[in-house]
Amino acid sequence: MLSNLFVKSEEDGCYNLVTYQSTQVLDILLSNKIYRAYKSITFAREYQALIDILGLQCDCPIFACVKGKPLCADGRVSSSVLLTLRVPKEEVRLTEFRVWADLLYVLKSSKIDLSRTSQLQTKAGVDTRQLSETVESLREQRPLSAYKEPQAVLEEIRPEWLVKYEKLAAKK
């Protein structure tokens, strides 16, 4: 049954995603509740920028990889689970993983405020044209085939999207 589920891939309007989450997230989903991530302390400003760029309605984005494509990252931590999800396309925003990673680095290292891009060139020594192109690249939603390393961004995880899960041993 599961193998048939993934044969259709995008044809039925869904993306097949995998994401590493804590066991608490799995507990929420198994109790038939929707999981929404809490605001990140470490990346609050950077994640808020991505939320604004993508037009999300959440406190913190949830990241996933598209099954069958290069994995964006190993988000595995102790007491984590690998969730396999089937998510309707309209609930997913795609980004190019490296573009987001580069923007995250620039935002974190320079304390840039994206709402004041006109002041960036002199204040932070940042190329505002390149920064604007990066933001636009993240904002523009393209077909999955147009991404080299697609990263899926979600506002939430609904229990009905959960196809399977695998509890993982802690890394050594």
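Structure values in brief
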| quantity | calculated |
| --- | --- |
| Restraint check, Lys108/Lys167; Lys67/Lys108; Lys67/Lys164, Cα-Cα greater than 22 Å | Lys108/Lys167; Lys67/Lys108 |
| Residues Glu140, Glu156 arranged by fewest to most Cβ contacts within 10 Å | Glu140, Glu156 |
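We did not get these values from a lab; they are worked out from the coordinates using the rules stated. All values derive from a computational prediction rather than experimental measurement. All Cβ positions, glycine included, derive from the backbone under ideal geometry; neighbour counts span all protein chains shown.
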